[in-house]
Structure formats: C-alpha cells, structure tokens
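The values are calculated or read from the model by the stated rules, or taken from the named source; none is laboratory data. Just so it is clear, the structure is predicted and the values come from calculations on it, not from any experiment. All Cβ positions, glycine included, derive from the backbone under ideal geometry; neighbour counts span all protein chains shown.
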Amino acid sequence: MIVPTLLKCPLRLLIPTRSLFHFMTLAFNQVDEERKKRLGADRTCAEWILKNGGAVKWLGEEQYITDYNLLPPENNRKYLVAIDGTNSSITHHGFAHFSGCNNIREVILRNCTHIEDEALEALKIIQHSLMHLVIEDCPNITLRGLAHIWQHKKLKRLVLKDFVYISGKDLQSFIEETSVSLPLCQIN
C-alpha cells in the first residue's frame, strides 16, 4: 500500500504556527476597555500608538511625541489631533482605540507592514474629523481597502503611494474616481 506523501510529513509540520512576535503584536493592539473608561479614549489611543512605535500630536501642541514616558500625567486630559504610524506595528485590531477620539484630523500610515484592508475600513470611526490621510508603502493594502476612503467626506488632503498589490494604472483609476467622490480633497 502506498502512503500519501502528506502522511509521511512529521506531525509538527502540519500544525500551523504563529511566531511569538505575532502574539505580542496582537497583545499590544488590544483595547483595554477598563483603562479607556478610566483615562479616556484619547489617552489610551495615544498609549496604543506609542507602544507600537508610532507618534502622536496633542491639540494645541506643535510637536509629535514618540516617547511613551513623555505622555502627560494620567489626570491631565488632552485631545489627540494627529497620529503618525510610520514604521509602527499597529494593526487593524487596535483601530478600535479611535472610538471616542473626536479631534483626530491627521493619520499617517507609512511603511506599516501589519496594516491590511480592515484597518482602512475601521478608520470610519474618525470619519467625522479626519482631514488629512497619508498611506504610503503599506504592502498589504489593496484597492478593496482603499475604497473605504470614499466615506471620509471631510478629507482635504490624501496621499497614496507605493502599493505592492495595486498597479500604477489601477491606482491612477482609483485616484480619478476618488477625485469625483471627494471633490474638495487634494490627492497626491
């Protein structure tokens, strides 16, 4: 009797595995609802971004902060206006942190290798305030994900660049459609 090749494989090769880094990334992107209730959405969102290697800007301040230790005291309520996720390990699982953040005007997603289409769908949470959106060199974004941008009617500036799964021709067509859908938005 001939045994199929698959049955000759060691069992350990048939069990799907995830790296430790995958589980750490998931843990750093989970929303702690109790902490959010106690400290507010803006504070916990800032903590999420900073823990994952990004930067945040507070209302009334000019500079982004990148150091978790520079967060204001927990009893000092501040409001986020900008998020820079450049080179960070944020994932769509963490985008629930945006819920309750009512002043975020700018989101930069540059070289975010863990961002997928679901993240752009989840950005709808801040569609009422988002005015500037940058998506560059995020290899897991497709046209299906970019289509969620059309719901952001308040966008004034949109930057799109370097997508692995989107051809230059398809991106150009998308930009043309977006300029019709969002006529007040400058698209680069």
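Do we have I115 as modelled with pLDDT of 95 or more, closer than 17 Å to C138 by Cβ and either crowded, with 21+ Cβ neighbours inside 10 Å or not aliphatic (A, V, I, L, M) (or both) here?
Values: modelled with pLDDT of 95 or more: no; closer than 17 Å to C138 by Cβ: yes; either crowded, with 21+ Cβ neighbours inside 10 Å or not aliphatic (A, V, I, L, M) (or both): yes.
Considered against the rule, which asks whether it is modelled with pLDDT of 95 or more, closer than 17 Å to C138 by Cβ and either crowded, with 21+ Cβ neighbours inside 10 Å or not aliphatic (A, V, I, L, M) (or both), I115 comes out as no.
So which residues in region 118-148 are within 17 Å of V159 (Cα to Cα), surrounded by fewer than 22 Cβ atoms within 10 Å (Cβ to Cβ) and among the β-branched types (V, I, T), if there are any at all?
Within region 118-148, V134, T142 meet the criteria.
Please work out which one of (1) among the aliphatic types (A, V, I, L, M); (2) under 26 Å from G40 (Cα atoms); (3) more than 9 Å from the chain's Cα centre (by Cα) is the condition V107 fails and give its number.
(3)
Restricting attention to region 152-172, report how many residues are part of a helix (DSSP H, G or I), surrounded by fewer than 15 Cβ atoms within 10 Å (Cβ to Cβ) and touching a helix residue (DSSP H, G or I) at 6+ places or on another chain (Cβ under 9 Å).
The total comes to 1.
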